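K.L.:
Just dropping this structure here.
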Amino acid sequence: MSALLVLDDVHVRFNTAAGQVQAVNGVSLDLAVGETLGLVGESGCGKSTLGKAILRLVPTSAGEIRIDGADIAPLDGAALTELRRKVQMIFQDPYGSLNPRSTVGRSVAQPLVLAGWKRDAIAERVDMLLSWVGLPPEARQRYPHEFSGGQRQRIGIARALALNPKLIICDEPVSALDVSVRAQVINLLEDLKAKVGMSYLFISHDLSVVEHIADRVAVMYLGTIVEIGSRDRIWREPQHPYTRALLAAAPIANPKLARARRRTILQGELPSPLDPPTGCPFHSRCPMAQARCKVEPPSLRAIGVGTQAACHFI
Ligand code: SF4
Ligand code: MG
(Lines give C-alpha, C1' and ligand atoms only; values in the text may rest on other atoms or scores of the structure.)
(Ligands and ions follow the chains in the order given, each with its own letter.)
Protein backbone atom coordinates (compact mmCIF):
# COMPACT_ATOMS: atom_id res chain seq x y z
CA MET A 1 0.00 0.00 0.00
CA SER A 2 1.29 3.48 -0.79
CA ALA A 3 1.68 6.12 1.90
CA LEU A 4 -1.04 8.74 2.04
CA LEU A 5 0.43 10.56 5.01
CA VAL A 6 4.08 10.74 6.09
CA LEU A 7 5.31 12.54 9.20
CA ASP A 8 9.05 13.08 9.31
CA ASP A 9 10.54 14.23 12.65
CA VAL A 10 7.63 16.61 13.35
CA HIS A 11 7.93 19.06 16.26
CA VAL A 12 5.27 21.41 17.61
CA ARG A 13 6.14 23.98 20.29
CA PHE A 14 3.90 26.56 21.92
CA ASN A 15 4.98 29.63 23.83
CA THR A 16 2.79 30.16 26.89
CA ALA A 17 3.01 32.55 29.83
CA ALA A 18 4.52 29.68 31.83
CA GLY A 19 7.17 28.91 29.21
CA GLN A 20 7.63 26.81 26.11
CA VAL A 21 5.50 23.68 25.78
CA GLN A 22 7.01 20.86 23.71
CA ALA A 23 3.72 19.34 22.59
CA VAL A 24 5.08 17.14 19.79
CA ASN A 25 8.70 16.14 19.94
CA GLY A 26 10.06 14.47 16.83
CA VAL A 27 7.24 12.24 15.56
CA SER A 28 7.84 10.11 12.46
CA LEU A 29 5.19 7.75 11.12
CA ASP A 30 3.24 6.95 8.00
CA LEU A 31 -0.30 6.01 7.12
CA ALA A 32 -1.19 3.93 4.07
CA VAL A 33 -4.13 4.47 1.73
CA GLY A 34 -7.15 2.69 3.21
CA GLU A 35 -5.53 2.13 6.59
CA THR A 36 -6.76 2.99 10.09
CA LEU A 37 -3.94 4.02 12.40
CA GLY A 38 -4.86 4.29 16.07
CA LEU A 39 -2.99 6.95 18.04
CA VAL A 40 -3.21 6.20 21.75
CA GLY A 41 -1.84 7.71 24.95
CA GLU A 42 -2.97 9.60 28.05
CA SER A 43 -4.67 12.95 27.63
CA GLY A 44 -2.13 15.74 27.31
CA CYS A 45 0.44 13.60 25.46
CA GLY A 46 0.15 15.60 22.23
CA LYS A 47 -2.24 13.40 20.19
CA SER A 48 -4.75 16.13 19.34
CA THR A 49 -2.01 18.66 18.63
CA LEU A 50 -0.44 16.24 16.17
CA GLY A 51 -3.85 15.77 14.49
CA LYS A 52 -4.30 19.52 14.17
CA ALA A 53 -0.78 19.93 12.74
CA ILE A 54 -1.75 17.55 9.90
CA LEU A 55 -4.59 19.93 9.02
CA ARG A 56 -2.30 22.95 9.45
CA LEU A 57 -4.51 24.18 12.29
CA VAL A 58 -1.35 24.53 14.41
CA PRO A 59 2.12 25.34 12.99
CA THR A 60 5.00 22.87 13.23
CA SER A 61 8.35 24.16 14.47
CA ALA A 62 10.43 21.53 12.67
CA GLY A 63 10.07 18.43 10.51
CA GLU A 64 7.88 17.71 7.52
CA ILE A 65 4.30 16.54 6.96
CA ARG A 66 3.58 15.12 3.49
CA ILE A 67 0.20 14.18 2.08
CA ASP A 68 0.22 12.32 -1.24
CA GLY A 69 3.94 13.06 -1.39
CA ALA A 70 3.61 16.86 -1.07
CA ASP A 71 4.96 18.87 1.88
CA ILE A 72 1.96 20.71 3.35
CA ALA A 73 3.96 23.57 4.96
CA PRO A 74 4.23 25.83 1.89
CA LEU A 75 0.64 25.30 0.67
CA ASP A 76 -1.53 28.38 0.27
CA GLY A 77 -4.50 29.57 -1.77
CA ALA A 78 -6.13 26.82 -3.84
CA ALA A 79 -3.59 24.21 -2.69
CA LEU A 80 -4.44 24.84 0.97
CA THR A 81 -8.16 24.64 0.16
CA GLU A 82 -7.48 21.29 -1.53
CA LEU A 83 -5.63 20.06 1.58
CA ARG A 84 -8.66 21.01 3.70
CA ARG A 85 -10.85 19.02 1.30
CA LYS A 86 -8.62 15.95 1.38
CA VAL A 87 -8.18 15.93 5.14
CA GLN A 88 -11.15 16.35 7.47
CA MET A 89 -11.48 16.14 11.23
CA ILE A 90 -14.21 14.71 13.45
CA PHE A 91 -14.19 16.06 16.98
CA GLN A 92 -15.07 14.65 20.38
CA ASP A 93 -17.90 17.11 20.95
CA PRO A 94 -20.14 17.15 17.90
CA TYR A 95 -22.34 19.77 19.53
CA GLY A 96 -19.45 22.20 19.83
CA SER A 97 -18.57 21.79 16.15
CA LEU A 98 -22.13 22.36 14.84
CA ASN A 99 -23.65 25.84 14.68
CA PRO A 100 -26.74 25.68 16.95
CA ARG A 101 -28.55 28.29 14.80
CA SER A 102 -27.97 26.43 11.53
CA THR A 103 -30.27 23.66 10.41
CA VAL A 104 -28.62 20.28 9.93
CA GLY A 105 -29.09 20.67 6.17
CA ARG A 106 -27.19 23.95 6.16
CA SER A 107 -24.40 22.59 8.38
CA VAL A 108 -23.84 19.54 6.19
CA ALA A 109 -24.08 21.67 3.02
CA GLN A 110 -21.57 24.27 4.21
CA PRO A 111 -18.41 22.63 2.75
CA LEU A 112 -20.23 22.13 -0.56
CA VAL A 113 -21.35 25.77 -0.68
CA LEU A 114 -17.79 26.92 0.01
CA ALA A 115 -16.54 24.62 -2.74
CA GLY A 116 -18.92 26.31 -5.21
CA TRP A 117 -21.38 23.46 -5.76
CA LYS A 118 -24.70 24.26 -7.46
CA ARG A 119 -27.93 24.30 -5.44
CA ASP A 120 -29.51 21.17 -6.89
CA ALA A 121 -26.32 19.15 -6.60
CA ILE A 122 -25.96 20.28 -2.99
CA ALA A 123 -29.50 19.18 -2.09
CA GLU A 124 -28.94 15.78 -3.66
CA ARG A 125 -25.55 15.33 -1.99
CA VAL A 126 -26.87 16.33 1.46
CA ASP A 127 -29.67 13.75 1.19
CA MET A 128 -27.14 11.10 0.24
CA LEU A 129 -24.75 12.02 3.07
CA LEU A 130 -27.58 11.92 5.62
CA SER A 131 -28.67 8.50 4.36
CA TRP A 132 -25.06 7.24 4.58
CA VAL A 133 -24.99 8.13 8.27
CA GLY A 134 -28.47 6.69 8.90
CA LEU A 135 -30.49 9.92 9.21
CA PRO A 136 -33.76 10.57 7.32
CA PRO A 137 -34.02 13.44 4.77
CA GLU A 138 -36.35 15.28 7.22
CA ALA A 139 -33.32 15.81 9.47
CA ARG A 140 -32.29 18.63 7.10
CA GLN A 141 -34.88 21.05 8.46
CA ARG A 142 -34.14 20.38 12.11
CA TYR A 143 -31.61 21.93 14.51
CA PRO A 144 -28.70 20.23 16.33
CA HIS A 145 -30.37 20.47 19.77
CA GLU A 146 -33.21 18.26 18.51
CA PHE A 147 -30.79 15.33 18.17
CA SER A 148 -29.09 12.98 20.63
CA GLY A 149 -25.30 12.98 21.08
CA GLY A 150 -24.90 9.94 18.83
CA GLN A 151 -27.07 11.52 16.11
CA ARG A 152 -25.12 14.76 16.35
CA GLN A 153 -21.90 12.83 15.84
CA ARG A 154 -23.53 11.29 12.73
CA ILE A 155 -24.26 14.81 11.47
CA GLY A 156 -20.61 15.78 12.05
CA ILE A 157 -19.51 12.67 10.14
CA ALA A 158 -21.86 13.50 7.24
CA ARG A 159 -20.35 16.97 7.01
CA ALA A 160 -16.78 15.61 7.16
CA LEU A 161 -17.61 13.28 4.24
CA ALA A 162 -19.20 16.00 2.08
CA LEU A 163 -16.20 16.56 -0.21
CA ASN A 164 -14.90 12.96 -0.43
CA PRO A 165 -11.89 13.28 1.88
CA LYS A 166 -8.96 10.88 1.65
CA LEU A 167 -8.11 11.09 5.33
CA ILE A 168 -10.29 11.73 8.36
CA ILE A 169 -8.66 12.59 11.65
CA CYS A 170 -11.04 11.25 14.28
CA ASP A 171 -10.20 12.94 17.60
CA GLU A 172 -11.88 10.96 20.40
CA PRO A 173 -15.04 10.71 18.26
CA VAL A 174 -16.98 8.52 20.68
CA SER A 175 -15.51 9.53 24.06
CA ALA A 176 -18.39 11.92 24.85
CA LEU A 177 -21.09 9.40 23.88
CA ASP A 178 -23.00 6.94 26.03
CA VAL A 179 -21.37 3.52 26.03
CA SER A 180 -24.50 2.08 24.40
CA VAL A 181 -24.12 4.25 21.27
CA ARG A 182 -20.32 4.11 20.96
CA ALA A 183 -20.33 0.79 19.12
CA GLN A 184 -22.95 2.07 16.66
CA VAL A 185 -20.83 5.09 15.74
CA ILE A 186 -17.66 2.98 15.48
CA ASN A 187 -19.45 0.48 13.23
CA LEU A 188 -20.73 3.35 11.12
CA LEU A 189 -17.17 4.70 10.72
CA GLU A 190 -15.99 1.24 9.65
CA ASP A 191 -18.84 0.84 7.13
CA LEU A 192 -18.19 4.29 5.68
CA LYS A 193 -14.50 3.55 5.31
CA ALA A 194 -15.32 0.48 3.24
CA LYS A 195 -17.90 2.42 1.18
CA VAL A 196 -15.89 5.60 0.54
CA GLY A 197 -12.36 4.12 0.64
CA MET A 198 -10.60 6.60 2.92
CA SER A 199 -8.07 6.35 5.75
CA TYR A 200 -8.46 7.20 9.42
CA LEU A 201 -6.07 8.56 11.97
CA PHE A 202 -8.03 7.48 15.02
CA ILE A 203 -7.01 9.36 18.16
CA SER A 204 -8.25 7.91 21.44
CA HIS A 205 -7.30 7.25 25.01
CA ASP A 206 -9.87 4.40 24.99
CA LEU A 207 -7.97 1.24 24.09
CA SER A 208 -11.06 -0.94 23.67
CA VAL A 209 -12.28 1.35 20.87
CA VAL A 210 -8.86 1.38 19.19
CA GLU A 211 -8.60 -2.41 19.50
CA HIS A 212 -11.84 -2.64 17.56
CA ILE A 213 -11.10 -0.24 14.72
CA ALA A 214 -7.33 0.08 14.15
CA ASP A 215 -5.12 -1.86 11.72
CA ARG A 216 -1.97 -0.44 13.28
CA VAL A 217 -1.41 1.41 16.54
CA ALA A 218 1.05 4.16 17.52
CA VAL A 219 1.55 4.72 21.25
CA MET A 220 2.39 8.28 22.22
CA TYR A 221 3.98 9.51 25.42
CA LEU A 222 4.89 13.14 26.16
CA GLY A 223 5.02 14.17 22.52
CA THR A 224 6.95 11.15 21.22
CA ILE A 225 5.99 7.81 19.68
CA VAL A 226 7.25 5.05 21.99
CA GLU A 227 5.93 2.05 20.04
CA ILE A 228 4.24 1.44 16.71
CA GLY A 229 3.12 -1.77 15.06
CA SER A 230 0.15 -3.85 14.00
CA ARG A 231 -2.78 -3.83 16.39
CA ASP A 232 -2.59 -7.59 16.78
CA ARG A 233 1.13 -7.61 17.58
CA ILE A 234 0.85 -4.78 20.07
CA TRP A 235 -2.12 -6.36 21.82
CA ARG A 236 -0.49 -9.79 21.87
CA GLU A 237 3.02 -8.80 22.88
CA PRO A 238 3.47 -5.15 23.81
CA GLN A 239 7.19 -4.40 24.13
CA HIS A 240 7.60 -0.89 25.49
CA PRO A 241 7.09 -0.59 29.27
CA TYR A 242 4.61 2.25 28.69
CA THR A 243 2.55 0.24 26.19
CA ARG A 244 2.49 -2.65 28.66
CA ALA A 245 1.31 -0.37 31.44
CA LEU A 246 -1.43 1.15 29.28
CA LEU A 247 -2.69 -2.25 28.18
CA ALA A 248 -2.50 -3.66 31.70
CA ALA A 249 -4.82 -0.88 32.85
CA ALA A 250 -7.36 -1.55 30.07
CA PRO A 251 -10.13 -4.13 30.33
CA ILE A 252 -9.30 -7.26 28.35
CA ALA A 253 -11.89 -9.24 26.41
CA ASN A 254 -9.63 -12.20 25.58
CA PRO A 255 -8.59 -14.23 28.69
CA LYS A 256 -5.58 -15.77 26.89
CA LEU A 257 -4.20 -12.30 26.34
CA ALA A 258 -4.89 -11.41 29.95
CA ARG A 259 -2.65 -14.27 31.11
CA ALA A 260 0.09 -13.46 28.62
CA ARG A 261 0.21 -9.83 29.56
CA ARG A 262 2.63 -9.12 32.36
CA ARG A 263 1.11 -6.69 34.78
CA THR A 264 2.79 -3.32 34.87
CA ILE A 265 1.15 -0.64 36.95
CA LEU A 266 1.52 2.88 35.73
CA GLN A 267 2.67 5.06 38.58
CA GLY A 268 2.67 8.81 39.02
CA GLU A 269 1.42 11.52 36.74
CA LEU A 270 2.29 12.44 33.19
CA PRO A 271 5.19 14.94 33.57
CA SER A 272 4.56 18.50 32.37
CA PRO A 273 5.43 19.13 28.72
CA LEU A 274 6.66 22.53 30.02
CA ASP A 275 9.51 20.75 31.73
CA PRO A 276 9.93 17.31 30.13
CA PRO A 277 12.35 14.83 31.77
CA THR A 278 15.86 14.50 30.36
CA GLY A 279 16.84 11.24 28.64
CA CYS A 280 13.95 8.84 28.09
CA PRO A 281 10.71 10.79 28.54
CA PHE A 282 9.21 7.80 30.39
CA HIS A 283 12.07 7.33 32.89
CA SER A 284 10.29 9.03 35.82
CA ARG A 285 7.52 6.38 35.71
CA CYS A 286 9.29 3.38 34.19
CA PRO A 287 9.68 0.24 36.34
CA MET A 288 12.67 -0.83 34.18
CA ALA A 289 14.55 2.49 34.27
CA GLN A 290 18.34 2.42 34.70
CA ALA A 291 20.87 5.24 35.17
CA ARG A 292 21.39 5.50 31.40
CA CYS A 293 17.68 6.28 30.87
CA LYS A 294 17.98 9.59 32.73
CA VAL A 295 20.58 10.98 30.36
CA GLU A 296 20.24 9.28 27.00
CA PRO A 297 16.99 9.54 25.01
CA PRO A 298 16.20 6.25 23.22
CA SER A 299 15.40 6.54 19.52
CA LEU A 300 12.52 4.75 17.82
CA ARG A 301 14.04 1.75 16.05
CA ALA A 302 12.91 -1.44 14.37
CA ILE A 303 12.39 -4.34 16.77
CA GLY A 304 10.71 -6.67 14.29
CA VAL A 305 8.91 -6.61 10.97
CA GLY A 306 6.77 -3.49 10.84
CA THR A 307 7.33 -2.83 14.54
CA GLN A 308 9.33 -0.07 16.19
CA ALA A 309 9.92 0.88 19.82
CA ALA A 310 11.91 3.51 21.69
CA CYS A 311 13.63 1.89 24.69
CA HIS A 312 17.29 1.13 25.43
CA PHE A 313 16.44 -2.33 26.73
CA ILE A 314 14.19 -3.84 24.07
FE1 SF4 B 1 12.16 2.59 30.63
FE2 SF4 B 1 14.71 3.18 30.13
FE3 SF4 B 1 13.26 1.91 28.30
FE4 SF4 B 1 12.79 4.47 28.86
S5 SF4 B 1 14.64 3.61 27.95
S6 SF4 B 1 11.28 2.90 28.61
S7 SF4 B 1 13.16 4.50 31.06
S8 SF4 B 1 13.83 1.14 30.32
MG1 MG C 1 -6.96 15.38 22.98
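The values are calculated or read from the model by the stated rules, or taken from the named source; none is laboratory data. Here the structure is a predicted model, which is why all the values come from computation and not from measurement. Note that each Cβ is placed from the backbone with ideal geometry, even for glycine, and that neighbours are counted across all protein chains shown. All accessible areas refer to the heavy atoms of the entire protein, side chains included, with ligands and DNA or RNA removed. Shrake-Rupley method; radii C 1.70, N 1.55, O 1.52, S 1.80 Å.
K.L.:
Looking at PRO238, PRO297, which one is at pLDDT 85 or above, touching a Gly at 6+ places or on another chain (Cβ under 8 Å), outside any helix (DSSP H, G or I) and of a type outside the set (Lys, Arg)? Spell out how you get there, then give the answer.
P.N.:
On the way: PRO238 fails: touching a Gly at 6+ places or on another chain (Cβ under 8 Å).
Step by step, each of PRO238, PRO297 is checked, and only PRO297 is at pLDDT 85 or above, touching a Gly at 6+ places or on another chain (Cβ under 8 Å), outside any helix (DSSP H, G or I) and of a type outside the set (Lys, Arg).
K.L.:
Are any residues in region 186-226 of a type outside the set (A, V, I, L, M, F, W, C), under 17 Å from ILE157 (Cα atoms) and open to solvent by 10 Å² or more (accessible area, probe 1.4 Å), and if so, which ones? First the steps, then the outcome.
P.N.:
Let us first name the residues in region 186-226 that are of a type outside the set (A, V, I, L, M, F, W, C), namely 187, 190-191, 193, 195, 197, 199-200, 204-206, 208, 211-212, 215-216, 221, 223-224.
Now drop any that are not under 17 Å from ILE157 (Cα atoms), which leaves 187, 190-191, 193, 195, 197, 199-200, 204.
Matches in region 186-226: ASN187, GLU190, ASP191, LYS193, LYS195, GLY197.
K.L.:
Next up: Quick one: which residue in ASP9, ASP30 is under 30 Å from LYS195 (Cα atoms) and open to solvent by 50 Å² or more (accessible area, probe 1.4 Å)? Break it down stepwise before answering.
P.N.:
Values: ASP9 fails: under 30 Å from LYS195 (Cα atoms).
Going through ASP9, ASP30 in turn, the sole match is ASP30.
K.L.:
Take the conditions more than 18 Å from the chain's Cα centre (by Cα), modelled with pLDDT of 95 or more and of a type outside the set (Ser, Thr, Tyr) and apply them to VAL108. Does it pass? Let's see the steps before the verdict.
P.N.:
Details: more than 18 Å from the chain's Cα centre (by Cα): yes; modelled with pLDDT of 95 or more: yes; of a type outside the set (Ser, Thr, Tyr): yes.
Yes, satisfied.
Yes or no, residue by residue, for (1) closer than 24 Å to ARG13 by Cα; (2) modelled with pLDDT under 95; (3) in contact with a helix residue (DSSP H, G or I) (Cβ under 9 Å, 6 or more places away or on another chain):
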site: LEU189; (1), (2), (3): no, no, yes
site: ALA194; (1), (2), (3): no, yes, no
site: TYR200; (1), (2), (3): no, no, yes
site: ILE203; (1), (2), (3): yes, no, yes
site: VAL209; (1), (2), (3): no, yes, yes
site: HIS212; (1), (2), (3): no, yes, yes
site: TYR221; (1), (2), (3): yes, no, yes
site: ILE225; (1), (2), (3): yes, no, no
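K.L.:
When only residues in region 87-101 that are away from ligand 2 (no atom under 16 Å from the Cβ) and surrounded by fewer than 19 Cβ atoms within 10 Å (Cβ to Cβ) count, which is nearest to LEU114 (Cα to Cα)?
P.N.:
Taking region 87-101 as the starting set, the residues that turn out to be away from ligand 2 (no atom under 16 Å from the Cβ) are 87-88, 95, 98-101.
Narrowing further to those that are surrounded by fewer than 19 Cβ atoms within 10 Å (Cβ to Cβ): 95, 99-101.
Numbers: TYR95: 21, ASN99: 16, PRO100: 19, ARG101: 18 Å.
Selected residue: ASN99.
K.L.:
Among the listed residues ARG84, ARG119, ARG106, identify the single one that is among the basic types (Lys, Arg) and touching a residue at least 12 places away in the same chain (Cβ under 8 Å). Talk me through it step by step, then tell me what you get.
P.N.:
On the way: ARG119 fails: touching a residue at least 12 places away in the same chain (Cβ under 8 Å); ARG106 fails: touching a residue at least 12 places away in the same chain (Cβ under 8 Å).
That would be ARG84, the only listed residue that is among the basic types (Lys, Arg) and touching a residue at least 12 places away in the same chain (Cβ under 8 Å).
K.L.:
From (1) surrounded by 16 or more Cβ atoms within 10 Å (Cβ to Cβ); (2) within 16 Å of ligand 2 (Cβ to nearest atom); (3) free of Cβ contacts under 8 Å to residues at least 60 places away in the same chain, pick out the condition that doesn't hold for THR60.
P.N.:
Single failed check for THR60: (2).
K.L.:
Give region 268-294 a look and list any residue that's among the aliphatic types (A, V, I, L, M), more than 9 Å from ligand 1 (Cβ to nearest atom) and either at pLDDT below 95 or part of a loop (DSSP other than H, G, I, E, B) (or both), or say none. Spell out how you get there, then give the answer.
P.N.:
Start the filter on region 268-294 by keeping residues that are among the aliphatic types (A, V, I, L, M), which leaves 270, 274, 288-289, 291.
Add one more test, that the residue is more than 9 Å from ligand 1 (Cβ to nearest atom), and what stays is 270, 274, 291.
Passing the criteria: LEU270, LEU274.
Residue-wise test of (1) at pLDDT 95 or above; (2) farther than 14 Å from ILE228 by Cβ; (3) polar (S, T, N, Q); (4) over 17 Å from the mean Cα position of the chain (by Cα).
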{"residue": "LEU5", "(1), (2), (3), (4)": "yes, no, no, no"}
{"residue": "ALA18", "(1), (2), (3), (4)": "no, yes, no, yes"}
{"residue": "VAL27", "(1), (2), (3), (4)": "yes, no, no, no"}
{"residue": "ASP30", "(1), (2), (3), (4)": "yes, no, no, no"}
{"residue": "GLU35", "(1), (2), (3), (4)": "yes, no, no, no"}
{"residue": "LEU39", "(1), (2), (3), (4)": "yes, no, no, no"}
{"residue": "GLU42", "(1), (2), (3), (4)": "no, yes, no, no"}
{"residue": "GLY69", "(1), (2), (3), (4)": "no, yes, no, yes"}
{"residue": "ASP76", "(1), (2), (3), (4)": "no, yes, no, yes"}
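K.L.:
Taking region 41-57, which residues are open to solvent by less than 20 Å² (accessible area, probe 1.4 Å) and away from ligand 1 (no atom under 16 Å from the Cβ)? I'd like the intermediate steps shown before the answer.
P.N.:
Initial filter on region 41-57 (open to solvent by less than 20 Å² (accessible area, probe 1.4 Å)): 41, 45-47, 50-51, 53-55.
Scanning region 41-57 gives GLY46, LYS47, LEU50, GLY51, ALA53, ILE54, LEU55.
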